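A.B. asks: Mind having a look at this structure? Questions to follow.
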Amino acid sequence: SLASTAVTCFTRGLDLKKETEDVLCPANCPLWQFYVFGDGVYASLSSVCGAAIHRGVITNAGGAVRVQTLPGQENYPAVKANGIQSQVLTRWASSFSVTRTRNAVLEAVGQSVSTARPSTGKRPKKPLDKKAGNKDCKADIAFLIDGSYNIGQRRFNLQKNFVGKVAVMLGIGTEGPHVGVVQASEHPKIEFYLKNFTAAKEVLFAIKELGFRGGNSNTGKALKHTAQKFFSLENGARKGIPKIIVVFLDGWPSDDIEEAGIVAREFGVNVFIVSVAKPTTEELGMVQDIGFVDKAVCRNNGFFSYQMPTWFGTTKYVKPLVQKLCSHEQMLCSKTCYNSVNIGFLIDGSSSIGDSNFRLVLEFISNVAKAFEISDIGSKIAVVQFTYDQRTEFSFTDYTTKEKVLSAIRNIRYMSGGTATGDAISFTTRNVFGPVKDGPNKNFLVVLTDGQSYDDVRGPAAASQKAGITVFSVGVAWAPLDDLKDMASEPRESHTFFTREFTGLEQMVPDVIRGICKDFLDSKQ
């Protein structure tokens, strides 16, 4: 027949029933929403109309397309064409190609075809919720599976079955958990990302398709790679949702896993280790570090480690693991110094500084602020300038994006006047930190001055610390070391910074950031 089937922007190759099918793509599909894998030959997971635009068969004005089913293949490439960036896919079970339709009848017939949107009239309520998934288990999860010679092909398949069962029970969906898979072997390989699938059956299919790689079990290397690369916003990580890596380990790692555990904690990732077939007494001599589980998990409190005796009969272990992964409040590593601090900068605006040095001070606080994840649910920044007087340039609740904070800092005008640092600390403790003192973030005050204060700094700084604020003092030029130490939190050495010249502030930026993060982590242990 010459008639074309009407499809939606989101119809995928695998939704079509025939070997060769003529379809009619609608106009004005949002290009950024298309998922397309490959180039010329597209994985059947791809949007048909997206592939057709990518290939140049039609434009975004829509039109007729002939879709031809092809066998699956390996390594679909990522290519940008016609405004669509296609994505890499390691392998998929079937593919399709798109071509222009010969003399097709352009009016769509057969609206009753299963790919057309169902009429709203009698639609049952149920399917909608299935798509959303389990809203009570919001988490972004990477399953780091063991693909080493330790596990071997047969147990690798049992591992895939187990991971598949966990994925299904989690209740994956647009509003629920999202998952991806990384395979650890000699070199880690990200098999699919969080954004690639939002339905359990797609995930299950992708897990079934995974091929065994073999090689050493360099779990440490894979864990570090996953913590650093997997959870980016481009790859589908969502803001404010716990990031979790579930490491499956058959036996023990061939490399060091401790450093990877530290990196994961720094990146705010909660690491679980599921160990299967623990090393026997004879094998322990071959294990680099017997305490490898305790060193890699988020916290060594028993919650983050999980043991299964073998890969056989693992069904009963699925539910308890899922319950752990869905315990939002237990994810102690989601809070990092980068996303859970309030930093107030108290900056000296006295006349001895001068205009050009004042710019260097603003640059310094900008560079410190830049390192943090500033948002309404993340870290927050405030700035107060002082002479004899105090002026709140902006408070913690004024700006909730990094761009706005940095632009507000650039626009601060230099006051010029005397130096009453003690008064300024009291003012900031009361007016800037007062409103957030019961909030979830840890509070830090960075005081920056270039000279002797006319008033007492010791009393106000002690009151500030008593109110739960950690104080760092940064002195330039004529700032007396005694004043700086009197203001700083204990241990004073690591909370006091000094430079002769304003140009020296730049070198201090990483040290101040590191100091804040160290205090944050110490407060959490």
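A.B. asks: Ordering Trp311, Trp478, Trp252 by accessible area with a probe of 1.4 Å, largest first, what comes out? Walk me through the numbers on the way to the answer.
C.D. replies: Working: Trp311 10, Trp478 200, Trp252 35 Å².
Solvent-accessible surface, decreasing: Trp478, Trp252, Trp311.
A.B. asks: If you don't mind, there's one more thing I want to ask. Would you mind getting me the FRET efficiency between Glu74 and Thr8? Use the beta-carbon distance for r and R0 = 22 Å, nearest 0.05. Walk me through the intermediate numbers first.
C.D. replies: Numbers: r = 29 Å, r/R0 = 1.32.
My answer for the efficiency is 0.15.
A.B. asks: What does the extension gain come out to for Gln452 and Arg91, with contour length at 0.36 nm per residue minus their alpha carbon separation? Working shown, then result.
C.D. replies: Numbers: separation 361, 0.36 × 361 = 129.96 nm, distance 6.75 nm.
Taking 0.36 nm per residue and subtracting the Cα distance, the gain is 123.2 nm.
A.B. asks: Let me ask you something else. Please give me the summed charge of the neighbours of Tyr414: other residues whose Cβ is under 12 Å from its Cβ, Lys and Arg +1, Asp and Glu -1.
C.D. replies: Value of the local net charge: 0.
A.B. asks: Amide H of Ser4: which non-local residues (sequence gap of 5 or more, or other chain) have their own amide H closer than 5 Å, using H built in the peptide plane?
C.D. replies: Val105, Val109
A.B. asks: Pull up all non-local amide H partners of Glu191: gap of 5 or more, or a different chain, and H-to-H distance under 5 Å with H placed in the peptide plane.
C.D. replies: For Glu191, the qualifying residues are Val181, Val182, Gln183.
A.B. asks: Along segment 59-70, what does the Karplus equation 6.51 cos²θ - 1.76 cosθ + 1.60 (θ = phi - 60°) give for ³J(HN,Hα), rounded to whole Hz, x for Gly and Pro?
C.D. replies: Whole-Hz 3J(HN,Hα) from phi for segment 59-70: 9, 6, 7, x, x, 8, 9, 9, 10, 10, 6, 10.
A.B. asks: Something else: For segment 163-178, in order, what is each residue's ³J(HN,Hα) by Karplus, 6.51 cos²θ - 1.76 cosθ + 1.60 with θ = phi - 60°, in whole Hz (x at glycine and Pro)?
C.D. replies: Taking θ as phi minus 60°, the curve returns 4, x, 5, 4, 4, 5, 5, 4, x, 4, x, 4, 9, x, x, 10 Hz for segment 163-178.
A.B. asks: Aspartates and glutamates near Lys229 by alpha-carbon distance under 20 Å, same-chain residues fewer than 8 away left out - which ones?
C.D. replies: Cα-Cα hits under 20 Å: Asp140, Asp146, Glu186, Glu191, Asp255, Asp256, Glu258, Glu259, Glu266, Glu373.
A.B. asks: Kindly report the accessible area of the chain per residue (heavy atoms of protein chains, probe 1.4 Å, no ligands, DNA or RNA), in Å². Working shown, then result.
C.D. replies: Details: 23970 Å² over 525 residues.
Ligands and nucleic acids excluded, the figure is 46 Å² per residue.
A.B. asks: Among the listed pairs Lys239/Lys404; Lys131/Lys208; Lys131/Lys370, give every one whose C-alpha distance is greater than 30 Å.
C.D. replies: On the way: Lys239/Lys404 18 Å; Lys131/Lys208 21 Å; Lys131/Lys370 37 Å.
From Lys239/Lys404; Lys131/Lys208; Lys131/Lys370, over 30 Å: Lys131/Lys370.
A.B. asks: Between beta-carbons, use under 11 Å as the cut-off and find the net charge around Met487, counting Lys and Arg +1, Asp and Glu -1.
C.D. replies: On the way: positive: Arg458, Lys485, Arg492; negative: Asp456, Asp482, Asp483, Asp486.
Neighbour charge sum, excluding Met487 itself: -1.
A.B. asks: Now for a separate question. Quick check for you: which residues of segment 178-202 have the amide N under 14 Å from the point 7 Å beyond the Cα of Asn216 toward its beta carbon?
C.D. replies: Those under the cut-off are 185-188.
A.B. asks: Going by amide H atoms built from the backbone, whose H comes under 5 Å of the H on Gly215, apart from near neighbours?
C.D. replies: Correct list: Tyr149.
A.B. asks: Express the C-alpha Rg of segment 341-522 as a ratio against the empirical globular expectation 2.2 N^0.38 Å, rounded to two decimals. Mind dumping the intermediate values first?
C.D. replies: Details: Rg = 14.5 Å, N = 182, 2.2 N^0.38 = 15.9 Å.
Ratio of Rg to 2.2 N^0.38 Å for segment 341-522: 0.91.
A.B. asks: Taking the alpha-carbon centroid of each part, what is the distance from segment 302-351 to segment 451-495 in angstrom?
C.D. replies: Distance between centres, Cα-based: 34 Å.
A.B. asks: Identify all aspartates and glutamates with a Cα-Cα distance to Lys80 below 14 Å; exclude those on the same chain that are fewer than 8 residues away in sequence.
C.D. replies: Output for Lys80: Asp39.
A.B. asks: Residue by residue, what Karplus-based ³J(HN,Hα) values in Hz, rounded to whole numbers, does segment 13-23 have, using 6.51, -1.76 and 1.60 with θ = phi - 60° and x for Gly and Pro?
C.D. replies: In residue order, the calculated couplings are x, 6, 7, 8, 8, 8, 4, 10, 9, 8, 10 Hz.
A.B. asks: Show that you can apply the helix-only estimate: for the chain, add -39,500 (n - 2.57) for every DSSP H stretch of four or more residues, divide by all residues, and state [θ] at 222 nm to the nearest 500. Intermediate results must be reported in sequence, preceding the final value.
C.D. replies: Details: 15 runs with 149 residues, N = 525.
Roughly -8500 deg cm²/dmol at 222 nm, from the helical runs in the chain.
A.B. asks: Give the separation of the Cα centroids, segment 126-193 to segment 203-282, in Å.
C.D. replies: 11 Å
A.B. asks: Additional query: Mind checking which lysines have their C-alpha under 16 Å from Lys316, skipping anything on the same chain fewer than 8 residues away?
C.D. replies: The qualifying lysines are Lys160, Lys165, Lys324.
A.B. asks: Right, something else. Quick one: net charge of Val163's neighbours, Cβ under 14 Å, K/R +1, D/E -1? Intermediate results must be reported in sequence, preceding the final value.
C.D. replies: On the way: positive: Arg155, Lys160, Lys165, Lys208; negative: Asp146, Glu191, Glu209, Asp250.
Charge balance near Val163 sits at 0.
A.B. asks: Sticking with this one: When the Kirkwood radius is taken over all Cα pairs of the chain, what Stokes-Einstein diffusion coefficient follows at 4 °C and 1.567 mPa s, in µm²/s? Mind showing how you got there, number by number?
C.D. replies: Values: Rh = 26.5 Å.
Value of D from the Cα-based Kirkwood radius: 49 µm²/s.
The values are calculated or read from the model by the stated rules, or taken from the named source; none is laboratory data. Everything quoted here is computed from the prediction, not taken from an experiment. Here the Cβ is made from the backbone with ideal geometry for all residues, glycine too, and neighbour counts use every protein chain on show. To get the accessible areas, we keep the full protein, side chains included, count just its heavy atoms, and leave off ligands, DNA and RNA. Shrake-Rupley method; radii C 1.70, N 1.55, O 1.52, S 1.80 Å.
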